[in-house]
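The values are calculated or read from the model by the stated rules, or taken from the named source; none is laboratory data. Here the structure is a predicted model, which is why all the values come from computation and not from measurement. Using ideal geometry, Cβ is built from the backbone for each residue, glycine included, and neighbour counts are taken over all protein chains shown. Surface areas here come from the heavy atoms of the whole protein model, side chains and all, with no ligands, DNA or RNA. Shrake-Rupley method; radii C 1.70, N 1.55, O 1.52, S 1.80 Å.
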Amino acid sequence: MYFDSVGAALAMDGHGVYVWFIVIVSWALIGSLLVLPILSGRRFLLQQQGLLRREQRAADTAAQREQSQQQQQQSGQEEGHAPGS
Amino acid sequence: MWSFFHKLGSPPWMYRISGSILTWLLPLTLLMLVSGSIWGLLYAPADFRQGNSFRIIYFHVPASVVALAGYYVMASAGAVSLIWKMKMAEVAMKCCAPVGAAFTFLGLLSGAVWGKPTWGTWWVWDARITSMLILFFLYLGVIALYQAFENKTAAAKACAVLSLVGTVNIPIIYKSVDWWYSLHQPATIKFTEESTMDSAMLQPLLLMIVAFYCLFACSLLLNMRGELLRQGARTNWVRELVSGGKVEKSTRGEPDVL
């Protein structure tokens, strides 16, 4: 290592404030450039998954309602045709 | 060759191939960034005139170089979208702008911070710094222009024209230190001549430049993947992806978004 101690590496002969500030900003920027698109993609996929699940549930409920209506109609017709009525 | 271009225009293919590229490029980029940072900050010798403040070079030069190259990538994508009306090029152009703006911002900020101990001032309105600021505004202009249009096809056309017009600025930035008197030092890395930098300082710098190019590619691909998903939200391939086994993992805390 070029520096004798950790303190010397942090101080960098009085230039440490400038250098380490840029290091922190750069790494924050690098992190955000990589993490933000991953998080936004993950959020979008989860949203779409929820949307798809809701659509599926709505379609299932509509199918069940239609089925029960058909059953009611069938039972009504059977009662109408029942002997003695 | 042509089949590759046809494939490149297909969102599902692009999404898949970018995912497989990112699985090795992303760790490699992080490894290069970490090792380049440590090498440059802690192991490279200090500059005899600037002292340790010169170590800002390991972030300033790579960010600025990639900001300029990123603009060419954006303008090339804009040209392809204008000439061949390729949707994927529009996506690439749109996703280039924020990434390029981030690199330009880092180049400007690190330059200002480096200027204080070296020149005694944060900012001077010289040709290099002013043209770099114009580059930052060009990137922001492309982002704002795209958001301003409701019709995204018209937005992409306008952005493509703006990015193509803005390419005039790039050679000006490159040559500004030679054409005008400037506080900014001339280029230290030259393709035609030997570098004026000592190899102990140059090697980590070259590593960081390669790492920043890879970082640009990673960030661009990640942004493009997100944009492809958003644009194709109602298409079969996104629905298959969402309902398929890959995305099911995300509910268990292991989302497959790479």
Checklist outcome for this item: The Cα extents of the range B:15-242 along the principal axes, largest first and rounded to whole Å, are 62, 37, 31
Next on the checklist: Suppose we look only past 16 Å in the calculated P(r) of the range B:1-46. What percent of the Cα-Cα pairs does that tail hold?
Outcome noted: 59 percent
Checklist entry - When only C-alpha pairs under 8 Å and at least 6 residues apart count, what is the relative contact order of the range B:15-242, in percent? => result 32 percent
Checklist entry - If you place +1 on the Cβ of every Lys and Arg and -1 on the Cβ of every Asp and Glu, how big does the dipole about the Cα centre of chain A come out, in debye to the nearest 20? => result 80 debye
Checklist outcome for this item: Full extension between B:A200 and B:N151 adds, at 0.36 nm per residue less the Cα distance, a length in nm of 12.4 nm
Checklist entry - With θ set to phi - 60° and the Karplus curve 6.51 cos²θ - 1.76 cosθ + 1.60, what are the ³J(HN,Hα) couplings of the range B:98-110 in order, to the nearest whole Hz, using x for Gly and Pro? => result x, 5, x, 5, 5, 5, 5, 4, 5, x, 5, 5, 5
Next on the checklist: Apply the Karplus curve 6.51 cos²θ - 1.76 cosθ + 1.60, θ = phi - 60°, to the phi angles in the range B:9-25 and return the couplings in whole Hz, x for Gly and Pro.
Outcome noted: x, 8, x, x, 5, 4, 4, 5, 5, 5, x, 6, 5, 5, 4, 9, 6
Next on the checklist: With a 1.4 Å probe and all protein chains kept in place, how do B:V65, A:V17, B:V91 rank by accessible area, largest first?
Outcome noted: A:V17, B:V65, B:V91
Next on the checklist: I'd like the carbon and sulfur percentage of the solvent accessible area for chain B, probe radius 1.4 Å, heavy atoms only, ligands and nucleic acids excluded.
Outcome noted: 67 percent
Next on the checklist: Can you work out the Karplus-derived ³J(HN,Hα) for every residue in the range B:29-42? Use 6.51 cos²θ - 1.76 cosθ + 1.60 with θ = phi - 60°, whole Hz, and x for glycine or proline.
Outcome noted: 4, 4, 4, 5, 5, 5, 5, x, 5, 5, 4, x, 7, 10
Checklist entry - Under the Kirkwood approximation applied to all pairs of distinct alpha-carbon atoms, what is the hydrodynamic radius of the protein assembly as shown in Å? => result 23.2 Å
Next on the checklist: On alpha carbon coordinates alone, what is the Rg over Rh value for the range B:21-74, Rh being the Kirkwood radius?
Outcome noted: 1.08
Checklist outcome for this item: By the Kirkwood definition, with r running over pairs of different Cα atoms, the range B:118-213 has a hydrodynamic radius in Å of 16.2 Å
Checklist outcome for this item: In debye to the nearest 20, the charge dipole size for the protein assembly as shown, taken about the Cα centre with +1 at each Lys and Arg Cβ and -1 at each Asp and Glu Cβ, equals 560 debye
Checklist outcome for this item: On complex formation of A with B, accessible surface lost, both sides summed, probe 1.4 Å, nearest 100 Å², amounts to 3700 Å²
Next on the checklist: What figure, in Å² to the nearest 10, do you get for the accessible area of B:V165 with a 1.4 Å probe and non-protein molecules left out?
Outcome noted: 90 Å²
Checklist outcome for this item: Under 29 Å between C-alpha atoms, the lysine pairs in the range B:15-242 lying 8 or more places apart or on different chains count 11
Checklist entry - If you take the Cα Rg of the range A:1-77 and divide it by 2.2 N^0.38 Å, with N the number of residues, what do you get? => result 2.67
Next on the checklist: For B:S195, what residues show an amide H to amide H distance below 5 Å, using hydrogens built from the backbone and excluding near sequence neighbours?
Outcome noted: B:K190
Checklist entry - With every protein chain present, what is the per residue accessible area of chain B (1.4 Å probe, Å²)? => result 48 Å²
Checklist entry - So for B:K157, B:K94, B:K152, what's the accessible-area order with a 1.4 Å probe, most first? => result B:K157, B:K152, B:K94
